[in-house]
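Peer 1: Quick one: this structure, given as structure tokens, is what I'll be asking you about.
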Amino acid sequence: MTGSMHKVQDILSEMKDSGFLPNATTYDILVSCHGKIGNTKESVRLYCEMITKSFIPRTSTYNLLINNFSKAGKMKQAMELMNEMQIRGVLPNSSTYDILITGWCELSYLENSVKKSCQAEARRLFKEMSDKFLTPSESTIYHLSTVLAKPGRVADAQRVLNKLYKTR
């Protein structure tokens, strides 16, 4: 943990000792701070603590956690978080889908044995995103078209994605 995070933890301890209890915003900030410095274990612990206290995280907090799992190739956990956020009434946004689609695309590069299932999940999420009238980032379009393209056929994949997106 960095020096500034130690200070944050000290302030949190002082708050608790003075009888002030952290609220949803406090937890959102702590989860985000730990996640941004790569301390995923602590951000998940704080997220769990937040949930047990009946606080509901913001979409941005979920996105940060989903992104950390996605970057680690833990797409099952990332998808579980997205499902959980929706159960709690928090709506995923374009960034949520961008993170997940990119994660599935990246995983399809690494693991040839599950390449088709990763591609199918990325495609399913892209369609779901389109059905919700959310706009993918250029990066997401690029990742998806690259993964779905046969060698030398990237333009064809791009046209298919554009058509899929425009027919919502």
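Quick note: the coordinates plus some simple rules give every number you see, no bench work behind them. Quick caveat: nothing in here was measured; it's all calculated off a predicted structure. Note that we place each Cβ from the backbone using ideal geometry, even for glycine, and neighbour counts take in every protein chain shown.
Peer 1: Would you work out if the range 106-145 is rounded, prolate or oblate? Take a ≥ b ≥ c from the square roots of the eigenvalues of the alpha-carbon gyration tensor; rounded if a/c is under 1.5, else prolate when a/b is larger than b/c, oblate otherwise. All intermediate terms of the calculation are to be shown ahead of the outcome.
Peer 2: Working: a/c = 4.11, a/b = 1.76, b/c = 2.33.
Judged from the Cα gyration tensor, the range 106-145 comes out oblate (a/c at least 1.5, b/c at or above a/b).
Peer 1: Under a crude label model (7 Å from the Cα following the beta-carbon direction), how far is T135 from N93 in nanometres?
Peer 2: 1.4 nm
Peer 1: How big is the Cα convex hull of the chain in projection, averaged over all directions, in nm²?
Peer 2: Numbers: hull surface 43.7 nm².
About 10.9 nm², averaged over all directions.
Peer 1: Is there a pair in K41/K76; K16/K71; K53/K127; K71/K115 whose C-alpha atoms are over 27 Å apart, and which pairs would that be?
Peer 2: Going by Cα-Cα distance, K16/K71; K53/K127 fall outside the 27 Å limit.
Peer 1: Further question: Can you pull the one-decimal nm distance between simple spin-label points at A120 and K71, each 7 Å off the Cα toward Cβ?
Peer 2: With each label point 7 Å from Cα toward Cβ, the separation is 3.0 nm.
Peer 1: Ok, one more. Per 0.36 nm of contour for each residue apart, how much would the distance between T146 and E80 grow if the chain were fully extended, relative to their Cα-Cα spacing?
Peer 2: Values: separation 66, 0.36 × 66 = 23.76 nm, distance 2.58 nm.
Full extension from T146 to E80 adds 21.2 nm.
Peer 1: Express in % the proportion of alpha carbon pairs of the range 17-74 at distances exceeding 13 Å.
Peer 2: On the way: 927 of 1653 pairs.
Value for the range 17-74 (Cα pairs over 13 Å): 56 percent.
Peer 1: For the range 1-55, what relative contact order do you get, as a whole percent, if you take Cα pairs closer than 8 Å and at least 6 residues apart? All intermediate terms of the calculation are to be shown ahead of the outcome.
Peer 2: Details: 27 pairs, mean separation 15.9, N = 55.
Relative contact order here is 29 percent.
Peer 1: Convert each backbone phi in the range 95-103 into a coupling constant with the Karplus relation 6.51 cos²θ - 1.76 cosθ + 1.60 (shift: θ = phi - 60°), then list the ³J(HN,Hα) values in order as whole Hz, x for Gly and Pro.
Peer 2: Going residue by residue, I get 4, 4, 5, 4, 4, 5, 4, 4, x Hz, with x marking Gly and Pro.
Peer 1: Using DSSP loop states and a limit of at most 12 other Cβ atoms within 10 Å to flag chymotrypsin sites (Phe, Trp or Tyr not before Pro), what is the longest stretch of the chain containing no flagged site?
Peer 2: Working: sites that count: F20, F133.
The segment 21-132 is the longest one with no such site.
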